[in-house]
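A short reminder: the numbers here are calculations on the coordinates, not readings from a lab. This is a predicted model, so every value here is computed, not measured. When we count neighbours, we look across all protein chains shown, and the Cβ atoms used for this are built from the backbone with ideal geometry, even at glycine.
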Amino acid sequence: MNKSFLLPLLLLIPLCTCVSAQGTRAAQEVKLDEAYAAHNVSGEGVLVVMIDRGIDYHHPAYLNADGTTRLAYVFDMINGNDGNPYGVGQILDRAAINNDLMTDGPPLSNDNHGHGTATTGIIAGNGGGSDGSDQFTGVAPEATIISIKLVQDGFPAAGGSPGEAGFFNPDYIAIALQFAADKIAELGLPSVTLMNIGSIGGPTDGTGTVGRAIADFAANHAFVCGVGDDGGADNVARGNIAQTGNGAIVDIRFEKLTDGNMDVGLWYDAGDRFEARLITPGGTTLTPGVPNNNNRTSDTGENATIWHNGSNADFWGSTGNRREVFTRIASGTGVYTLRLIGITVNDGGFIATMNPSRYNLNNRFLDFGTNEGSINDYSASPGVISPTDYVLDPSWTSPVGAFSITGQGAPGDIWVGSSKGPTHDGRLGIDFGAPGEVLFGPYSPGSFYSRAVSNTIAGTNGMYGIQNAVSAAAPLTTGVIALMLELDPTLSPAEVLDILQQTARSDNFTGNTPNNTWGHGKLDAKAALDEVNRLVRTDDLRSTAVYATISPNPADDIVSVAVPEGVTIRAMTVFDIVGREVFNSQAKSVSSGALPLGHLMAGTYFLNVQTDHGVAVKRFIKR
C-alpha cells in the first residue's frame, strides 16, 4: 500500500463526527434504564478497547474514587517512540498512567482534539466531574479501558491554544489491532473494540489490506465500526456498460463546487477492459493507457491526475478481482466528466465513490448518482458490527443558552448524514441504528472541542459537551455490547451480532427491515440483554434440567454456588476455556457451595456442578 499516496485521502475523515455520551434520553430510547433494572449490569469485568484520537486520562470520568486510573493501557501510536515491540509510538501501562497522574506538567499522552475523550465516555465514562446526574454516565461505567491513539485531526491555533497537525497512516490499523489482540489475551477479559474512524472510499468489500486485517480481528473479537458520515448526498455512481466497441461510451459527470482536494474511485470487473478518460472543466482530456493486471497508468493536467490500475495494482491492496480507476483533483471547482469506453465487456458493471461529498457539501454525481453504497470501507469488512445513526433529541442547554441542531431529520428518523449500504459485494452492510443525535460526553479544558462554549453543557464547568453523528451512535452500541458480555463472557462475535440484529425493533421510520438504510431496525438494549440472559439461563447442551446460580460473576477470590430447593450438590469442577480441569471440589450433599478462586489466573472458566438431579454447566469470569 502506498502510504504517501493514501495519507491525504484518508485524512478526509469528517470533523462532523466530532462532538457525546449516553444521556438519560438515549437510555430511555434504547431501554437501557430497563436493562439496568432487570440485569444489574455496569460493564464490570469487561474490557473496552477504543481506537480513536486518544484520551485525556486525567479527566475525572476515567478515574476511580481513589484517584487512580481506570485504564489498563494507553497506546499512543503518534507521539513519541519508546522502542516498544510494535515499532511505533509509546505504550503506557496502568502503573505509568498512575505515576503520570501524580506528576505536574503536561501528560505523557493526550487527546488535544477531544473526539476520543468524548466518545470513550459514551461507552465507559463514569460521570466524574459532572453534576452527578445519570445523563453524563457512560453505558458501561465500570468497564476496564484501553485507549489506542491512531488518528490526529488537524486544527488551527486559536484563543491562545496551539493548533495541531493532522496525522493518519492506514498501515497503523493492523498494528493497533495486533496490540489490542495481545492485551485482550493478557488481561483475560471478554472484550469489545470500537474503531471510531472511517470515510467513503476504497474497495468497500473487505478485500483491501486493512479490510482483511479487520475481518481477521473481528472473527475472534467483538468489533464495532460505525457506517460513516457520508449520507445525504449523491456520492455514489452505479451503472453498466452494455456493449463493446463503437458506441460503448458512458459519461459520468460529477459536480465539484467545494474547492480543495477531491478523490473519485471507480471499480469494475477484471474480466472487462475499459478505456478511462477524465475531461476537466477547462476542456482538457486526460487519457491514461489501458493497463495489464500488474500495472498502472496515469495522466496529469489542470490540477488533476487519473490513474488506471490493473486488478493487482490498486492503491488498497485489494484481493478482489476488480480494476480501479482513481482520480485525484487537487483544487478547483466545476463539472468534470469521467468517460468509460468499453473495449471488452463481459460484466459491464461499475461503481464509483466520491470523497468528500456529504449532505452539507456541494459535490455530487450528476449521472448515475445515488447514496446507496456510501458505507465506509472499514465498516464493510465481514464480521464488523456496523451501527448507523438516527435522531433522538438534537437539543441541549449550554452556559450561553439553549441550542438545537436543525435540518438533521425528524426525531426518530435516520440522521441525514448516515451512510448507507450495501457493500460493494452486495452484503447489507448496515446492522441496525442507534440514537446519536445528540449525546453528552467528557470534554477536556484546552482541547479543540472545548473552544466552543456553546457545545458544552450548562452546570458542568466545561467538563462535558455534545457529541453527535455516527461517532456517537457507535460508542453507544459498543457500551451495550459490553453489558452483553458482562452477562455472558463466552458470547462469540457472531453471537453478539446475531442477537443485536434479531432483537432490533422496527417502526414507521425504519419501514420493513432489513434494508440498506436501517439494517435490521433500531437498537434495543433491553431486548438484547434479555436474549443473552435467556441463553445463559438455558445451560449448555452438556447440562440437564437442573439450574444452578453463581455469584458474583465476574468474581475475585470466591464464587458462591446455589441450586433450587430440594436439589443437593455432589461435586463441583472448574475447567478453563480450552477444557482443562483446574479445580475439583467433592461436596458432601449440600444445597450451596463456595469455590476459592485465588489461585486461578484472570480469564473465562466453566463450572460443572454435579447434583442429585443432574449436571449444570455455568460460565464465569475470574478477574
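Rounded if a/c is under 1.5, else prolate if a/b beats b/c, else oblate: with a ≥ b ≥ c from the C-alpha gyration tensor eigenvalues square-rooted, which is region 236-368? Prolate, since a/c reaches 1.5 and a/b exceeds b/c. For the chain, DSSP calls about 80 percent of its internal beta bridges antiparallel.
The antiparallel fraction among DSSP beta bridges confined to region 319-442 stands at about 50%.
Built from the Cα atoms of the chain, the convex hull projects on average onto 29.7 nm², one quarter of its surface area. For region 549-622, the antiparallel share of DSSP beta bridges with both residues in that region comes to about 95%. The distance between label points at Val582 and Asn64 comes to 2.1 nm (points 7 Å beyond Cα on the Cα→Cβ vector). Measuring how big region 549-622 is from its alpha-carbon positions, Rg and Dmax come out at 11.4, 34 Å.
Fully extending the segment from Ala219 to Asp507 would add 100.6 nm, taking 0.36 nm per residue of separation and subtracting the current Cα-Cα distance.
Can you give the FRET efficiency for Thr103 and Arg451, using 1/(1 + (r/R0)^6), R0 = 41 Å, r = Cβ-Cβ distance, to the nearest 0.05? My answer for the efficiency is 0.95. Across the alpha-carbon set of region 21-152, the Rg to Rh ratio works out to 1.00, Rh being the Kirkwood radius. Which of the three applies to region 464-533, rounded, prolate or oblate, going by the alpha-carbon gyration tensor with a ≥ b ≥ c and a/c under 1.5 meaning rounded? Oblate is the answer for region 464-533, as a/c is 1.5 or above yet b/c matches or exceeds a/b. For Thr549 and His599, the FRET efficiency from 1/(1 + (r/R0)^6), where r spans their Cβ atoms and R0 equals 25 Å, is about 0.60. The calculated FRET efficiency for the pair Asp557 and Gln610, based on their C-beta separation and a Förster distance of 25 Å, comes to about 0.60. Between Arg25 and Gln178, the simple label model (points 7 Å from Cα in the Cβ direction) yields a spacing of 4.4 nm.
Helical runs (DSSP H, four residues minimum) scored at -39500 (n - 2.57) apiece and divided by the length of the chain put the mean residue ellipticity at 222 nm at -5500 deg cm²/dmol.
In this label model, Asp413 and Ser161 are separated by 3.4 nm, measuring between points 7 Å along each Cα→Cβ vector. Kindly identify region 369-413 as rounded, prolate or oblate by the Cα gyration tensor criterion: order the square roots of the eigenvalues as a ≥ b ≥ c, call it rounded if a/c is under 1.5, otherwise compare a/b with b/c, prolate if a/b is larger, else oblate. Prolate, since a/c reaches 1.5 and a/b exceeds b/c. Between Thr333 and Thr287, residue separation times 0.36 nm minus the direct Cα-Cα distance comes to 14.5 nm. Lysine pair count for the chain (Cα-Cα distance under 26 Å; residues 8 or more apart in sequence or on different chains): 15. Rounded to the nearest 20 debye, the dipole size of the chain about its Cα centre is 580 debye, using +1 on the Cβ of Lys and Arg and -1 on the Cβ of Asp and Glu. Gain on full extension, evaluated as 0.36 nm per residue between Thr244 and Asn362 minus their Cα-Cα distance, stands at 39.1 nm. Please compute the net charge surrounding Pro141, taking Lys and Arg as +1 and Asp and Glu as -1 over other residues with Cβ under 13 Å from its Cβ. Overall, the nearby charge balance is -3.
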